[in-house]
Amino acid sequence: MELRWRKSSFSADTGACVEVAEDDGFVLLREGDDPDVIVRTTHRKLRAFLEGVRAGEFDDFT
């Protein structure tokens, strides 16, 4: 089965896109310009990370 990769509309044509897909209950992440490198995580771990992003825990990276 071919994966359905999605990217945020916020990345547009900036070349700064992270794509996401789901496979067998896991969430897969990859950079659009380096699609052979894939990070696999769980829904729970991704949710915890995104909650941290929303709370500003990683603002010093930007």
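Surface calculation, 1.4 Å probe, protein heavy atoms: Thr42 sits at approximately 40 Å² accessible. For the stretch 39-50, putting each phi into the Karplus relation 6.51 cos²θ - 1.76 cosθ + 1.60 with θ = phi - 60° gives couplings of 9, 10, 8, 9, 4, 4, 5, 5, 4, 4, 5, 5 Hz, in residue order, rounded to whole numbers and with x for Gly and Pro. Legend: residues Phe61, Phe49, Phe10, Phe26, sorted from most to least accessible area (1.4 Å probe; ligands, DNA and RNA excluded), read Phe10, Phe61, Phe49, Phe26.
When all protein chains stay in place and ligands, DNA and RNA are ignored, the 1.4 Å accessible-area order of Val39, Val20, largest first, is Val39, Val20. Qualifying trypsin sites (Lys or Arg not before Pro) in the chain, where qualification requires a DSSP coil assignment and no more than 11 other C-beta atoms within 10 Å, comprise Arg4.
Calculated FRET efficiency, Asp34 to Arg6, Cβ-Cβ distance, R0 = 30 Å: about 0.95 to the nearest 0.05.
Length gained on full extension, Phe61 to His43: 4.2 nm, using 0.36 nm per residue less the C-alpha separation. In summary, the chain shows an alpha-carbon radius of gyration equal to 1.19 times the 2.2 N^0.38 Å reference for compact globular proteins.
The values are calculated or read from the model by the stated rules, or taken from the named source; none is laboratory data. The shown structure was predicted, so the numbers you read here are calculated from the model rather than taken from an experiment. Glycine gets a Cβ as well: all are built from the backbone with ideal geometry, and neighbour counts include every protein chain shown. SASA here: full protein model, heavy atoms, side chains in, ligands and nucleic acids out. Shrake-Rupley method; radii C 1.70, N 1.55, O 1.52, S 1.80 Å.
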